[in-house]
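The values are calculated or read from the model by the stated rules, or taken from the named source; none is laboratory data. Please read all numbers here as calculations on a predicted model, not as lab measurements. Heads up, the Cβs are rebuilt from the backbone with ideal geometry, glycines too, and the neighbour counts pull from every protein chain shown.
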């Protein structure tokens, strides 16, 4: 085995894991406040680490942006899993849809900057990763008569992705986003339930 192979198999030290987590948290905050074009130095300062530490974990800014998106997706997966575990939450599907909208709009600048590097972060791709959770939440909502009995997972994902992608692309106001979700929710509820 070559030395480089052995090095890549080494477990990551606890302090390195903590630094990486702090960098991602700082990057998310800095990009949310200043946009994705914010300097990497600002991320290092917010994280309380040297700029070299940032580059050791994320050699390029697109690497850092991708990691922020992946971290966001991981958190959304965790939140969706928590909703799935709460078996009494018949309306969790609506909370899930609101979560996807909020997460997308909050990280709009990061998605735009990634697109400039040729990496597209699409809502539909994130939802594909969450499909099993969407299946469970939708089935529970159908069983509880919170949504139309004929609503399929593919239809819900397509509708939610389209609305959220437009909200991100056109930078919809909070009021307009709420209105769009209300209209979506009205459309997926059983006829006559409003």
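Residue under question is residue 167, and the condition is that it be surrounded by 13 or more Cβ atoms within 10 Å (Cβ to Cβ), assigned by TED's automatic domain parsing to the domain that holds residue 64 and not in a helix (DSSP H, G or I); does it hold?
Here the answer is no, as residue 167 does not meet what is asked.
Which numbered condition trips up residue 146, out of (1) assigned to a loop (DSSP other than H, G, I, E, B); (2) over 17 Å from residue 94 (Cβ atoms)?
Condition not satisfied by residue 146: (2).
Test residue 8 against the criterion of being part of a loop (DSSP other than H, G, I, E, B) and at pLDDT below 85, and give yes or no.
No; evaluated as a whole, the condition is false for this residue.
If residue 126 satisfies all but one of (1) over 22 Å from residue 71 (Cα atoms); (2) at pLDDT below 90, what's the number of the condition it fails?
(1)
With the structure loaded, tell me whether residue 38 is modelled with pLDDT of 80 or more and within 19 Å of residue 121 (Cβ to Cβ) or whether it fails that test.
yes
Only one of these is closer than 18 Å to residue 105 by Cα, modelled with pLDDT of 85 or more and part of a helix (DSSP H, G or I): 69, 54, 43, 30. Name it.
30
Pairs please, first residue from segment 69-96 and within 28 Å of residue 112 (Cα to Cα), second anywhere and surrounded by fewer than 16 Cβ atoms within 10 Å (Cβ to Cβ), Cβ atoms under 7 Å, 6+ apart in sequence or on different chains.
Qualifying pairs under 7 Å: 73/129; 77/129.
Looking at (1) crowded, with 16+ Cβ neighbours inside 10 Å; (2) part of a helix (DSSP H, G or I), which is the one condition that is false for residue 178?
Condition not satisfied by residue 178: (1).
Quick one: in segment 151-194, which of the residues that are farther than 21 Å from residue 122 by Cα and touching a residue at least 24 places away in the same chain (Cβ under 8 Å) is nearest to the chain's Cα centre (by Cα)?
Ranking the candidates gives 185 first.
From the list 149, 180, 141, 121, pick out the single residue that is closer than 15 Å to residue 99 by Cα and in contact with a helix residue (DSSP H, G or I) (Cβ under 7 Å, 6 or more places away or on another chain).
Only one candidate passes the filter, namely 180.
Of the residues 24, 130, only one is surrounded by 14 or more Cβ atoms within 10 Å (Cβ to Cβ) and in the same structural domain as residue 170 (by TED's automatic domain parsing); which?
Answer to the selection: 130.
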